[in-house]
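Notes follow the structure.
The values are calculated or read from the model by the stated rules, or taken from the named source; none is laboratory data. What you see is a predicted model; the values in this text were computed from it and never measured. FYI the Cβ positions are ideal-geometry reconstructions off the backbone, even for glycines, and counts take in every protein chain you see.
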Amino acid sequence: MTCIAAFAAFFYAISKAFSRGRDVERALQNQEAVSAHQKRSKINDETSKLGNASVCSDLSQWVRQKPDGGE
(Lines give C-alpha, C1' and ligand atoms only; values in the text may rest on other atoms or scores of the structure.)
Protein backbone atom coordinates (compact mmCIF):
# COMPACT_ATOMS: atom_id res chain seq x y z
CA MET A 1 0.00 0.00 0.00
CA THR A 2 2.78 2.45 0.86
CA CYS A 3 4.51 1.60 -2.40
CA ILE A 4 1.43 2.65 -4.34
CA ALA A 5 1.18 5.89 -2.36
CA ALA A 6 4.85 6.66 -2.99
CA PHE A 7 4.40 5.87 -6.68
CA ALA A 8 1.38 8.19 -6.86
CA ALA A 9 3.22 10.96 -5.00
CA PHE A 10 6.16 10.63 -7.40
CA PHE A 11 3.97 10.98 -10.47
CA TYR A 12 2.07 13.85 -8.87
CA ALA A 13 5.36 15.71 -8.29
CA ILE A 14 6.50 15.00 -11.84
CA SER A 15 3.22 16.22 -13.32
CA LYS A 16 3.32 19.40 -11.18
CA ALA A 17 6.89 20.16 -12.30
CA PHE A 18 5.96 19.55 -15.94
CA SER A 19 2.88 21.74 -15.64
CA ARG A 20 4.81 24.54 -13.96
CA GLY A 21 7.54 24.44 -16.62
CA ARG A 22 4.97 24.46 -19.40
CA ASP A 23 3.22 27.50 -17.90
CA VAL A 24 6.49 29.39 -17.53
CA GLU A 25 7.47 28.65 -21.14
CA ARG A 26 4.03 29.67 -22.40
CA ALA A 27 4.28 32.99 -20.50
CA LEU A 28 7.74 33.59 -21.97
CA GLN A 29 6.51 32.92 -25.50
CA ASN A 30 3.54 35.25 -24.97
CA GLN A 31 5.85 38.01 -23.75
CA GLU A 32 8.11 37.55 -26.79
CA ALA A 33 5.09 37.72 -29.10
CA VAL A 34 3.87 40.93 -27.45
CA SER A 35 7.35 42.43 -27.72
CA ALA A 36 7.59 41.52 -31.41
CA HIS A 37 4.15 42.98 -32.06
CA GLN A 38 5.10 46.24 -30.34
CA LYS A 39 8.30 46.45 -32.38
CA ARG A 40 6.40 45.84 -35.63
CA SER A 41 3.84 48.49 -34.70
CA LYS A 42 6.55 51.02 -33.89
CA ILE A 43 8.33 50.39 -37.20
CA ASN A 44 5.04 50.58 -39.08
CA ASP A 45 4.18 53.89 -37.41
CA GLU A 46 7.61 55.32 -38.17
CA THR A 47 7.51 54.30 -41.83
CA SER A 48 3.96 55.54 -42.32
CA LYS A 49 5.05 59.02 -41.17
CA LEU A 50 7.88 59.18 -43.72
CA GLY A 51 7.59 59.92 -47.41
CA ASN A 52 8.30 57.29 -50.06
CA ALA A 53 11.75 58.70 -50.87
CA SER A 54 12.78 58.65 -47.22
CA VAL A 55 11.60 55.07 -46.78
CA CYS A 56 13.46 53.91 -49.88
CA SER A 57 16.63 55.74 -48.78
CA ASP A 58 16.48 54.28 -45.26
CA LEU A 59 15.86 50.76 -46.56
CA SER A 60 18.74 51.06 -49.02
CA GLN A 61 21.09 52.09 -46.21
CA TRP A 62 19.81 49.27 -44.00
CA VAL A 63 20.40 46.66 -46.72
CA ARG A 64 23.97 47.90 -47.28
CA GLN A 65 24.92 47.78 -43.58
CA LYS A 66 27.44 45.19 -42.48
CA PRO A 67 26.20 42.53 -40.02
CA ASP A 68 28.14 44.11 -37.11
CA GLY A 69 26.03 47.27 -37.45
CA GLY A 70 28.73 49.43 -38.98
CA GLU A 71 28.90 50.79 -42.46
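Check Ala8, Ala36 and return the single one that is modelled with pLDDT of 95 or more, small (Gly, Ala, Ser) and surrounded by 10 or more Cβ atoms within 10 Å (Cβ to Cβ). Answer to the selection: Ala36.
For the range 45-59, which residues satisfy the criterion of being surrounded by 10 or more Cβ atoms within 10 Å (Cβ to Cβ) and polar (S, T, N, Q)? Let's see the steps before the verdict.
Pass one, the range 45-59, residues surrounded by 10 or more Cβ atoms within 10 Å (Cβ to Cβ): 46-47, 50, 54-59.
Within the range 45-59, Thr47, Ser54, Ser57 meet the criteria.
Among the residues of the range 1-51, what is the count of those that are closer than 30 Å to Trp62 by Cβ, of a type in the set (A, V, I, L, M) and not in a helix (DSSP H, G or I)? Talk me through it step by step, then tell me what you get.
Filtering the range 1-51 down to residues closer than 30 Å to Trp62 by Cβ leaves 28-51.
Right, trim to of a type in the set (A, V, I, L, M) and you get 28, 33-34, 36, 43, 50.
Then keep just the ones that are not in a helix (DSSP H, G or I); that gives 50.
Result for the range 1-51: 1.
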